[in-house]
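Worksheet: the structure to be examined is printed underneath.
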Amino acid sequence: MNNYIVSIGDVALDIFSKIKGGLCYATDTSAITSIHPGGSAANFATWISRIGAKSAFIGRVGNDFIGDYLMKDLKDEGVLLNVSKGSGYTAIIIALIDKSGERTMITHRGESVNLSLEDVDFNLISKANLVFIPAYSLFTGKISKTVLELLSFVKGRSKIISKIDLHNFKDDLPNFKKSNFYKEGSHREILDNHKEYKNKSPLIAIDLSSYGGIKKYGPKKFENLLNSIRPDILFCNKDELMTLYPKVNFNEAITESKNLSLIIIVKLGKEGCIVNYLDENAKENVFRVKAEKVKVVDTTGAGDAFDASFCYKYLKCGDVKKSAMFANSLASLVIAEYGARPKIGVKKNRYTIS
Ligand SMILES: Nc1ncnc2c1ncn2[C@@H]1O[C@H](COP(=O)(O)OP(=O)(O)OP(=O)(O)O)[C@@H](O)[C@H]1O
Ligand SMILES: [Mg+2]
């Protein structure tokens, strides 16, 4: 259970409906509809595994076939699961896409928000290389309290360990296939064991996830929360950064954000990303890394693929710029196909119902 990159949060079924005309209220609207596995934390875990590192996902599903389908999918992707099952529904996100490409999202986070401390395998998290938390897992629900407890448990960790030798997941594959992680209760640690692991030190990476989520939570309150967590790596996009710092311009917001984390990455869609980090001499570095030129098909999940590839590369080489370049290039492959986790290079990877 050592050296996993662990992601905590939502796994969801994404339903995309491409509507040709407008939505016809109270009657039929014809659409091309497809389903895809999604959820920010689960997307991250999938990309980590596909890139070739040991990947684990901590989350919760409902007691329905959608949860079973999503778990099978993650298992087939080679992700180690610490997933509990509640009596409610699994998360479903419906995206209505009009002919201009504009998306209207109908979100149901279901059992995802009910993740409790008792569901979590502390052994897995305390021996991780890196723990990834989409801010969705901090905004609301029982999961937010659970994640804060987990973070206080891993606190006291030493900062920035670069050049960690990631063990290839494939070494563990036979064990994993036989494991019964998905069975309720089989993986639980006794929480009194915490102290045993107090000297372990995974890096913490947070993605700000949603400007709407920050707005609802309260930007100042959320800034204070981030200050108390002090992540090692902080990902956001421009809207999320500007929501966090509503009173200043973009450049000032980038400067202000350096108080939150040692490495800040602001994702800018086709403009690539801006990186702001303190190097080992405590010197501040701010620079932009260009995106790849690519024909956009669907940008869903580009941010999650970016985060996963950045974290992987950073753990591997400790070089922020190289990691950002790697992240831009994986994200560009993701947006060239439908769904958050397209099987790049594999055709017919979609389940389409017209
Ligand atoms: N039009 C594009 N052309 C090239 N690369 C792109 C484009 N859109 C996104 N990307 C790549 O994907 C990365 C992440 O996308 P984006 O900036 O939209 O982040 P995000 O808002 O977190 O995404 P998400 O909506 O998935 O949460 C970008 O930094 C860039 O590398
Ligand atoms: Mg994002």
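The single condition among (1) touching a residue at least 60 places away in the same chain (Cβ under 8 Å); (2) open to solvent by 20 Å² or more (accessible area, probe 1.4 Å) that Thr90 does not meet is (2).
Against the test of being in contact with a Phe, Trp or Tyr (Cβ under 8 Å, 6 or more places away or on another chain) and either within 23 Å of Leu330 (Cα to Cα) or of a type in the set (D, E, K, R) (or both), the options Leu74, Leu81, Leu70 yield a single qualifying residue, Leu74. Selection over the range 276-302 of residues that are of a type outside the set (A, V, I, L, M, F, W, C), farther than 12 Å from Ala324 by Cα and within 11 Å of ligand 1 (Cβ to nearest atom) gives a count of 6. A search for C-beta distances below 7 Å between a residue of the range 96-109 that is of a type in the set (Val, Ile, Thr) and any residue that is modelled with pLDDT under 85, counting only pairs 6+ apart in sequence or on different chains, returns Ile97/Arg103. Where helices (runs of 4 or more DSSP H) fall wholly inside the range 217-275, no range has 2 or more residues that are touching a Cys at 6+ places or on another chain (Cβ under 9 Å), in contact (Cβ under 8 Å) with a residue 12 or more places away in the chain and open to solvent by 10 Å² or more (accessible area, probe 1.4 Å). Evaluating Ser201 against the criteria (1) more than 28 Å from Asn2 (Cβ to Cβ); (2) away from ligand 1 (no atom under 16 Å from the Cβ); (3) touching a Lys or Arg at 6+ places or on another chain (Cβ under 6 Å) leaves one unmet condition, (1). Here Asp319 does not qualify as charged (D, E, K, R) and within 16 Å of ligand 2 (Cβ to nearest atom).
Strands (runs of 3 or more DSSP E) wholly in the range 1-65 with at least 2 residues that are touching an Asp or Glu at 6+ places or on another chain (Cβ under 7 Å) - which ones? Break it down into steps so the answer makes sense when it comes.
Values: elements: 5-8, 12-19, 31-38, 55-61.
Of the strands (runs of 3 or more DSSP E) lying wholly inside the range 1-65, those with at least 2 residues that are touching an Asp or Glu at 6+ places or on another chain (Cβ under 7 Å) span 31-38, 55-61.
Regarding the range 298-305, can at least one residue be identified that is more than 16 Å from ligand 2 (Cβ to nearest atom), at pLDDT 95 or above and touching a helix residue (DSSP H, G or I) at 6+ places or on another chain (Cβ under 8 Å)?
From the range 298-305, those more than 16 Å from ligand 2 (Cβ to nearest atom) are none; that's our starting set.
So far as the range 298-305 goes, no, none of its residues is more than 16 Å from ligand 2 (Cβ to nearest atom), at pLDDT 95 or above and touching a helix residue (DSSP H, G or I) at 6+ places or on another chain (Cβ under 8 Å).
Of all residues in the range 276-287, count the ones that are over 22 Å from the mean Cα position of the chain (by Cα), not in a loop (DSSP other than H, G, I, E, B) and not aromatic (Phe, Trp, Tyr).
Our first condition is that a residue be over 22 Å from the mean Cα position of the chain (by Cα); within the range 276-287, this holds for 278-287.
Now narrow it down to the ones that are not in a loop (DSSP other than H, G, I, E, B): 278, 284-287.
Next cut, not aromatic (Phe, Trp, Tyr) only: 278, 284-286.
Residues in the range 276-287 being over 22 Å from the mean Cα position of the chain (by Cα), not in a loop (DSSP other than H, G, I, E, B) and not aromatic (Phe, Trp, Tyr): 4 in total.
Take the conditions (1) under 15 Å from the mean Cα position of the chain (by Cα); (2) in a strand (DSSP E or B); (3) not acidic (Asp, Glu); Phe306 misses just one of them, which is (2). Residues in the range 110-142 that are closer than 16 Å to Ile214 by Cα, in a helix (DSSP H, G or I) and out of contact with any strand residue (DSSP E or B) (no Cβ under 6 Å at 6 or more places or on another chain): Tyr136, Leu138, Phe139, Gly141.
The values are calculated or read from the model by the stated rules, or taken from the named source; none is laboratory data. The model shown is predicted, which means the values in this text are computed figures rather than measured ones. Using ideal geometry, Cβ is built from the backbone for each residue, glycine included, and neighbour counts are taken over all protein chains shown. We work out accessible area using only protein heavy atoms, side chains counted, and drop any ligands, DNA or RNA first. Shrake-Rupley method; radii C 1.70, N 1.55, O 1.52, S 1.80 Å.
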